[in-house]
1. Of Lys3/Lys34; Lys58/Lys90; Lys2/Lys79; Lys2/Lys34, which sit over 18 Å apart, Cα to Cα?
2. Taking the Cα centre of the range 40-104 as the origin, how large is its charge dipole in debye, to the nearest 20, when only Lys and Arg (+1) and Asp and Glu (-1) carry charge on their Cβ atoms?
3. Report ³J(HN,Hα) in whole Hz for each residue of the range 92-107, in order, from the Karplus equation J = 6.51 cos²θ - 1.76 cosθ + 1.60 where θ = phi - 60°; Gly and Pro get x.
4. Placing unit charges on C-beta atoms (Lys and Arg positive, Asp and Glu negative, everything else neutral), compute the dipole magnitude of the chain about its Cα centre in debye, rounded to 20.
5. So what's the gap between the Cα centers of the range 4-31 and the range 82-112, to the nearest angstrom?
6. Per the Kirkwood treatment, what hydrodynamic radius in Å, one decimal, follows for the range 1-109 from the mean inverse distance over all distinct Cα pairs?
7. For the chain, what is the mean residue ellipticity at 222 nm derived from helices alone (per DSSP H run of n ≥ 4: -39500 (n - 2.57); sum divided by total residues; nearest 500 deg cm²/dmol)?
8. On a full-extension model of 0.36 nm per residue, what is the gain between Thr104 and Glu18, subtracting their alpha-carbon distance, rounded to one decimal in nm?
Amino acid sequence: MKKIEAVIKPFKLDEVKEALHEVGIQGITVTEAKGFGRQKGHTELYRGAEYVVDFLPKVKLEVVLPAEQLEAAIEAIQKAAKTGRIGDGKIFVFDVEEAIRIRTGETGADAI
């Protein structure tokens, strides 16, 4: 099993969710996040005062899936989240040793 963590722009969430659904991914976890990479934030003017916005709004997706679905899921996220502009996000992939469904006690791929 694998775990994908993807940090994307918030307005791309619905497109990414639909793309994952189309490739057979049934469940995702979404967390609102703030961060920056190469964007390094930006300055804004508010009531005549300039201030720096260091942390930009992002969305973090987490998906645990069988290894066979990994490439399709990564491709779906990349296509749906890409705007071609700086700050499109990152995708991280981890190995998952075990998964357990609390309600039924199912383990492994049956639990996801």
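1. Correct reply: Lys3/Lys34; Lys2/Lys79; Lys2/Lys34.
2. Result for the range 40-104 is approximately 340 debye, rounded to the nearest 20.
3. 10, 10, 10, 7, 10, 6, 7, 9, 9, 7, 4, 4, 10, x, 4, 10
4. It works out to roughly 560 debye.
5. First find each Cα centre; the distance between them is then 11 Å.
6. One over the average 1/r among Cα pairs gives 15.4 Å for the range 1-109.
7. Calculated at 222 nm, the ellipticity per residue is -6000 deg cm²/dmol.
8. Full extension of this stretch gives 28.2 nm more.
All of the numbers you see were taken from the coordinates with simple rules; none came from a lab. Bear in mind that the values here come from a model prediction, so they are computed numbers and not experimental data. Note that each Cβ is placed from the backbone with ideal geometry, even for glycine, and that neighbours are counted across all protein chains shown.
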